[in-house]
Amino acid sequence: MVITVHDHIVEALKSVYTGALTDILDGLGLVTQSLSHEFLPIGRGMRFVGPAYPVEVRPNPLAVSHGKSARGLFEMLGSVPGGHVVVVQMNGIEASIFGDLSMTALKAQGAVGAVIDGGARDIHLAKEIGFPMVPRFIRPQGFIQRGDWVSWGRDPIHVEGIRIAPGDYVVADDSGVVIVPAEVADQVAEAVTKLTDKETILRAEIAMGMNPAEAFDRYYVNEEVPADYRPPTTTSASAALAPSAPEPAAATPSAGYRGPVQPGDLTRRAGIEQLEARGLDVVALREKLIDNAAAEFTTYYYYTILRNFLAGKEDYKAITEDARLEDRSHFELIFPRIYELGGTLPFDIRDLADRAGCADAYLPNTNDGKLTWGLSTGESFSPANATEILTVLLEAERCAVRSWWEICDMTFGKDPRTYELAMRILNEEIEHEAWFIELLSMERDGVARPSGHFKRGGVGDAPWSRNRPFGDG
């Protein structure tokens, strides 16, 4: 079945959060188009929009005996069109249909997310893979042995009584999931633009001190438009709904800057105000920076262990030492920005480790970092060979590349300070990845895949991220 995707509808729905979207649908008499609180968005800042690709399965305890369930899963994954949201009705199967393999396959297919009336697993890898999901529950038990296929991409399904047909639109964010029927999607898209303008004006005027009731009457009910109003120029949700930045007045003794931060107000920052005016979700950015800072700090620690166990590989040790010290430099570079954005690092280092945005870089063959060898004899030997250790180092760098690239995407054109810091870190993480690809290629495969750059001016020199005095080359 061919599902027609209307890009203008997708772009309009991207510009509105789910709460405002339900207000629009309520006005059309569609008052039950959002899923309940039982559905669990995985990860802070999660958001996706796209046409629905319905999937239905049913209980069948004998599914494992005829193999249809396992084969069907991979056939279904390969059928999902790019840009779509997979919506699964599991009909009461107490198991998880999607894990790390499914997330990887769907991401590669170009799917933008999944909503599951059932379970998901391998949640610890979801952030690393970069595939957002909203399941009803999380459970390690798999679907393959417990269910069979009804249809995918062809027939409508029902989730909590809401009919979801191929080509209906799914909008998900931290607040939940909303279904927009295809037959009203054009009408909703048109209403989104109008509502966005009204709420943007209303929010900005209230923030600048206007009485809320007066602002509501003027700008929401009577739909007045201030002379200096500038419609949002981006389709991101936060940009479309952020207050428009007032034009600064001329810098004269009698006419200072006119903006939401009032003179003497120490609870707000002009630096944050300007980010919000440009459509940046400051809270989401701040939380992502904490996750990344935690990953850099814990990676510095784990690399200390990994480096020491590269026994007899002094050249590998030296290169790992550069990466280790530069990861510490990344932490030092970025954590002040968290405080500038009104955030704070966790006070307990155990809480900081739990926030790490990348998987722990444990020494291989140690039972998730727990010492299981040499306890009785006191022997000190490596439980892992160089190939295994280099593999861990490489995957840690790849996660870092993805994480900092995400920060660059979030801040480009909106937050030049954070963007510049993230770019400095990203440059080094890309170099680190290239280093470990070169080393692992020769160690494991005997193949030359040169990185092109190893030598630093000094150990852990951090040519991109280390803060230097002015004038220091």
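Any read-out appearing in this document is the output of simple, stated calculations on the displayed coordinates, not a laboratory observation. Every value quoted in this text rests on a predicted model; they were computed, and no experiment measured them. No Cβ is skipped: glycine too gets one built from the backbone with ideal geometry, and neighbour counts run over all protein chains shown.
Between residue 37 and residue 208, the modelled labels are 3.7 nm apart [label points 7 Å from Cα along Cα→Cβ].
Taking amide H as placed 1.01 Å from N in the peptide plane, the amide H of residue 167 sits under 5 Å from that of 52, each at least 5 places away or on another chain. For residue 131, the amide hydrogen comes within under 5 Å of no other amide hydrogen, counting only partners 5 or more places away or on other chains and with H modelled in the peptide plane. Taking label points 7 Å from Cα along the Cα-to-Cβ direction, residue 420 and residue 75 give a separation of 5.7 nm.
For the pairs 198/288; 288/317; 14/194; 194/414, note any where the Cα-Cα span goes beyond 20 Å. Mind dumping the intermediate values first?
Numbers: 198/288 30 Å; 288/317 30 Å; 14/194 14 Å; 194/414 24 Å.
From 198/288; 288/317; 14/194; 194/414, over 20 Å: 198/288; 288/317; 194/414.
Which residues does a label at residue 158 reach in region 89-121, if reach means a backbone N under 18 Å from a point 7 Å past the Cα toward the Cβ? Answer for this model: 89-93, 117-118. For region 20-33, putting each phi into the Karplus relation 6.51 cos²θ - 1.76 cosθ + 1.60 with θ = phi - 60° gives couplings of 5, 5, 5, 4, 5, 5, 4, x, 9, x, 9, 9, 10, 9 Hz, in residue order, rounded to whole numbers and with x for Gly and Pro. Charge dipole (Cα centre; +1 on Lys/Arg Cβ, -1 on Asp/Glu Cβ; no other charges) of region 32-180 amounts to roughly 200 debye.
Derived scalar couplings between HN and Hα for region 81-88 equal x, x, x, 9, 10, 7, 10, 10 Hz in order, rounded to whole Hz, by the Karplus curve 6.51 cos²θ - 1.76 cosθ + 1.60 (θ = phi - 60°), x for Gly and Pro. Under 5 Å from the amide H of residue 113 lie the amide H atoms of 86, each residue being 5 or more positions distant or on a separate chain, with H modelled from the backbone and absent for Pro and chain starts.
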